[in-house]
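Single-structure report; data block below.
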Amino acid sequence: MTAAERDSAVVRLAGDSGDGVQLAGAQLTLTSALCGDAVWTAPDFPAEIRAPAGSLAGVSAFQVHFGADVQTVGDRVDLLVAMNPAALQTHLKDLDTNGILLVNRDAFTPDELAKAGYTADPLTDGSLAGRRLLALPITALTRAAAADRRYGAPPLLSQREVDRCKNIFALGLVYWLFERPLGPTLRWIQEKFARNPAILEANRRALQAGRRYGETTAGLPDPVKIGAAPLPPGRYRSITGNEALALGLLAAARTSGLPLLYAAYPIAPASDVLHHLADWKRFGVRVFHAEDETAAMAAAVGAAFGGGLGATATSGPGLASKSEAIGLAVSAELPVVVIDVQRGGPGLGLPTKTEQADLFQALFGRNGECPVVVLAARSPADCFDAAYEAVRLAVGHMTPVLLLSDAALATNAEPWRVPLASALPPIPVWRPTADGAPFQPYQRDGRHVRPWAAPGTPGLEHRIGGLEKEDGSGAVSYDPINHERMVRIRAEKIARIVETLPELSVDGSAEGELLVVGWGGTFGAIATAVRRAQGRGLSAAHAHLRYLNPMPRNTGDVLRRYKKVLVPELNTGQLLRLLRSEYGINAVGLNKVQGRPFLVSEIEVMIEELTRRP
Amino acid sequence: MPPETPLPLTTKDLTSDQEVRWCPGCGDFSVLAVLKQVLASLNIPRERFVFVSGVGCSSRIPYYLNTYGFQTIHGRAPAVATGLKLIRPELSVWVVTGDGDGLSIGGNHLLHALRRNVDLKILLFNNEVLGLTKGQASPTSRAGTRTRSTPQGSIEEPLRPLTVATAAGATFLARTIDVDVTHLTETLRRAAEHRGAAFVEIYQNCKVFNDGVFEYATDKGVKADNLVYLEHGKPLVFGQDRNRGIRLRGLRPETAALANGNGGSLADLLVHDEAAPDTTLAHLLSRMIYPESPECVGVFRCVERPTYGDLLDGQISEAIRSEGPGDLDALFAGEDAWVIE
């Protein structure tokens, strides 16, 4: 933060679980959004449910990346606010060498230092030399603000209650550092504490004191102006990937007119989809917390047999359990939506960390020739469109659709341009009617799509199942020729969906030196890296796959128009292998499996290398 | 829309065009025939019935009934049926399973469907052996049973289906026998009329892999001495001459001889109460096991409790009543939306 003006900034607020950093982060997010910024946020909760106060395990953090062209959580932290020693210990490593470090000096007591594993006070032992350190007595300043008689009688509160406002003091100072208005947070304080005037007053004083401290204290860094590049006009809200998935399913159920059964078993990092939908009963959504992953999938398939919309979300280990019921849905040709919010694997892996290593499981992780449609969401807000599209394709083509999200998209949030429910694309549902002839459940249309007859309809009684069936009648058949025919029809049905899908588009020139191809949650990092490379005159373009099966019909053509193809993935090269085998191209992988998203710089370096190298 | 199939249905209306493929002499034939008669008598249109099954010989039944039917995955039928019933509460949903399907691979799903009291009729065909996989021990095979997977005899203690179902708090529990047509008919009818999860264990003979395992309960010469027919409000009397009864010694049922013409000892007998609110009696009865004691058949338990579907619908109605019907645009916007001009 050397320049007084910059495109974007990354602020990380870190403290003990009780320090209110999530709340302060949410306010910084809203304020930035109201300034017209793009904002990307990422919470970092402690893994333990109730870690001891002051411990390393109990550190909670919230990161906000705001400004222009923000599509990731940010590579490096520009301002780290550490409310206690444990927060400093945990998060200092991510602070940019030019970044500002704001700490609450009052929390650096011998006791707290020991809990954080410090043998000496880092604020005084010289270990932070060269850092732009602001060690302020935030607790004392917060108390002084509350007690300041210049603003009237002090609110009648215990010291503990006053101390809880120290996050708001820090926030006031952060607002001063980035020239942000106090108005939105003042309004929020007004509403939130309307019933408790004393707490309202203490928070108001803390926020204003934080800013005043910046204005009146000598020796602080200069405030930074964040370059404005407002989002397109419209109504926005901040949304996480998991909430967007839940909204997408609900909206698709509404548009299609289908009753929604959402069946799931809790699993990190997908559980919030369940929590959201469970809270939306007024929309008529039936939420079934099943006994296990298998049952959740089976119940979704049961709902589909019943003519309703069956959906479930899970993560990698759960998807493994669900594979037999997905196989049933493929064989029975029933529409269900399965969402996999990917986490690190194999086994239990890294339950809260991100990875993209379930692509092969999604495409191939079942017995037999078992094709399903596979989609991937590319950003938190995009999860809405992706879930909606998953329902549209499932219902339109009588097939399970597997939608891949990931742990980062699940909890990260970005502005979402709020759509109008009535303007969402239609999801037509076609039902057969009885005509007196025996009903043929596998009599297909020109796209190989079979009719979806709901139980309760007179004259359409029929029996289906997971055994191989005769095409047309659906009766059990072990005939070898029929089996091969059915295998090919099921594959062809999925393959033909490409005819209705958009072509793969490219950001950058239509041909050239390097194409960077990605899928899923790496979108923001790749897009930012490619744009920056283009800005430096490098010949790089970006294509991002929403549809992994079937892939857009022009995929091969696009790939072949570039001398080199780079495939960054948070796995050891799954899309890479697919592209090589499907299209015979000699693509290069950039692979990372650390449970963390790509840094933009990691992709930039690789682009640089591939475009400069002859 | 064509007219519904006229009621009352005939068994012919309920017969599909599929050739029935069970081994000659299989108990499943009898159950299928009785099932059709019971369904026809229920005054429910054919298209409202859905039969869901898993894997095993009995799980073929959906294909043989001209209703809606779905043969699913090994053990998972209760979960599939739960999803179906929750989204289509007006349907009459039946689950057909066996001792392997329902208690081995599918034990978990069975437990949870029962404890939730999902309005499903669950028929468990118990032949104490895995038939379709050609003769291995099942979780209900008695200790010592010799099968292809237990050539020296099973070393496992068997599960008793009704004990399991009782532990899960099932609201309707019954046991009947494939060849006892009258009893089977009456028991299936009672199950069909129950609102909630109805669990029926059917002793079913596997002619090929476990022939005669229930002979003590089917042989005309001995069955009266080995079976207690449960009747609500009546003392537990059994025996060729109805001269024996079951009484409680402490917490254990035991057989007591009734003196001829001596009504006094009848009063000492255990009186069946299928409506008992707690499951203790049903559990005691489920633990009466031949040859140590006679076994009970009939309705062990039949109590009313709100179904899972009713409770779920109740919560949805309550949410709509207190919060108003969902407004998608309001939900989209959330509480912190902002406008960029």
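FYI, it's all coordinate maths here, none of it is from the lab. In this text, all values refer to a predicted model and were calculated from it rather than measured experimentally. So basically every Cβ, Gly included, is an ideal-geometry build from the backbone, and we count neighbours across all protein chains shown.
Some points to look at:
- Residue mean of other protein chain beta carbons inside 10 Å, A:228-241: 3
- Sites B:ALA143 and A:GLU215 - FRET efficiency at Förster radius 60 Å, r taken between beta-carbons, to 0.05: 0.10
- A:ASN412 long-range amide H proximity, modeled H, under 5 Å: A:GLY241
- For the protein assembly as shown, the 222 nm mean residue ellipticity estimated from helices alone, with every DSSP H stretch of n ≥ 4 adding -39500 (n - 2.57) and the total spread over all residues, rounds to -10000 deg cm²/dmol.
- In this rough spin-label picture, where each label sits 7 Å from Cα along the Cβ direction, the A:THR433-A:TYR583 distance is 4.6 nm.
- Counting only DSSP beta bridges with both residues in region B:15-144, the antiparallel share comes to about 10 percent.
- In this simple spin-label approximation, B:GLU292 and B:VAL179 carry label points 7 Å from Cα along the Cα→Cβ vector, and these lie 2.7 nm apart.
- Region A:56-118: C-alpha gyration tensor shape, a/c 1.5 cut-off, then a/b vs b/c: prolate
- Value of Rg/Rh across chain B [Cα atoms, Kirkwood radius]: 1.05
- Peptide A:278-285 is shielded by partner chain Cβ atoms: per residue, an average of 6 of them sit within 10 Å of its Cβ.
- Calculated FRET efficiency, A:ARG149 to A:ALA53, Cβ-Cβ distance, R0 = 45 Å: about 0.90 to the nearest 0.05.
- Region A:268-324 and region A:1-67 have Cα centres spaced 31 Å apart.
- Rounded to two decimals, the Cα radius of gyration of the protein assembly as shown over 2.2 N^0.38 Å is 1.12.
- With θ taken as phi - 60° and the Karplus curve 6.51 cos²θ - 1.76 cosθ + 1.60 applied, the whole-hertz 3J(HN,Hα) list for region A:406-418 is 7, 4, 6, 4, 4, 10, 6, 10, 8, x, 10, 6, 5 Hz, x standing for glycine and proline.
- Residue-by-residue Karplus 3J(HN,Hα) for region A:347-355, coefficients 6.51, -1.76, 1.60, Hz, glycine and proline x: x, 6, x, 10, x, 10, 9, 8, 6
- In a reduced charge model with +1 at each Lys and Arg Cβ and -1 at each Asp and Glu Cβ, region A:5-226 shows a dipole moment near 740 debye about its Cα centre.
- In region A:237-423, one over the average inverse separation of all distinct C-alpha pairs is 15.7 Å, which is the Kirkwood hydrodynamic radius.
- Debye intensity ratio in log₁₀ form over the Cα atoms of region A:5-226, taken at each q of 0.07, 0.10 Å⁻¹: -0.20, -0.41
- For the protein assembly as shown, a simple Cβ point-charge model (Lys and Arg +1, Asp and Glu -1, everything else neutral) yields a dipole of about 480 debye relative to the Cα centre.
- Cα gyration tensor shape for region A:506-612, rounded if a/c is under 1.5, else prolate or oblate: oblate
- The value for region A:194-332 of Rg(Cα) / (2.2 N^0.38 Å) is 1.63.
- Cα gyration tensor category, rounded, prolate or oblate, for region A:240-302 with a/c compared to 1.5: oblate
- Region A:337-422 has equivalent-ellipsoid semi-axes of 23, 21, 7 Å, by the square roots of 5 times the alpha carbon gyration tensor eigenvalues, sorted largest first.
- Computed 3J(HN,Hα) for region A:553-559, one whole-Hz value per residue from the Karplus formula 6.51 cos²θ - 1.76 cosθ + 1.60 where θ = phi - 60°, is 5, 9, 4, x, 4, 4, 4, glycine and proline marked x.
- Separation of alpha-carbon centers, region A:362-404 and region A:74-138, rounded to whole Å: 45 Å
- Degrees, to the nearest 10: A:316-332 long Cα axis against longest axis of chain A: 30 degrees
- Protection proxy ranking for B:95-105, A:547-557, A:431-441, using the average of other Cβ atoms within 10 Å per residue and placing the highest first: B:95-105, A:547-557, A:431-441.
- Residues listed by number, region A:55-89, amide nitrogen under 12 Å from A:LEU133 label point at 7 Å toward C-beta: none
- For chain A, the longest principal axis of the Cα atoms and the long axis of helix A:166-177 meet at an angle of about 90 degrees.
- Take each peptide in A:108-120, A:314-326, count the other Cβ atoms within 10 Å of every residue, and average; sorted highest first, the result is A:314-326, A:108-120.
- Mean-position separation - Cα centroids, region B:296-341 and region B:1-74, in angstrom: 33 Å
- Close amide-amide hydrogen proximity is noted between A:ASP340 and A:THR314, A:LEU403, A:LEU404, A:SER405, each under 5 Å apart and 5 or more residues distant or on a separate chain (H modeled in the peptide plane; Pro and chain starts excluded).
- Considering only A:ALA304, A:ALA320, A:TYR265, and ranking their Cα positions along the charge dipole of region A:237-423 that arises from unit charges at the beta-carbon of Lys, Arg, Asp and Glu, the one farthest toward the positive end is A:ALA304.
- DSSP-loop GluC sites (Glu not before Pro) across region A:122-220, with at most 15 other Cβ within 10 angstrom: A:GLU179
- Axis angle, to the nearest 10 degrees, between helix B:181-193 and the longest C-alpha principal axis of chain B: 30 degrees.
- Put simply, the amide H of A:ILE464, placed in the peptide plane, has neighbours under 5 Å in B:GLY69, B:PHE70, B:GLN71, leaving out anything fewer than 5 places away on its chain.
- Within 10 Å of each Cβ in B:310-323, the average number of Cβ atoms from other chains: 3
- Loop-resident sites, region A:133-199, for trypsin sites (Lys or Arg not before Pro), counting at most 15 other Cβ within 10 Å (DSSP): A:ARG195
- Rounded to the nearest 0.05, the FRET efficiency derived from the C-beta distance between A:ALA495 and A:VAL605 at R0 = 35 Å is 0.40.
- Distance violations [Cα-Cα > 19 Å] among B:LYS36/B:LYS223; A:LYS563/A:LYS592; A:LYS281/A:LYS322; B:LYS134/B:LYS207: B:LYS36/B:LYS223; A:LYS563/A:LYS592; A:LYS281/A:LYS322
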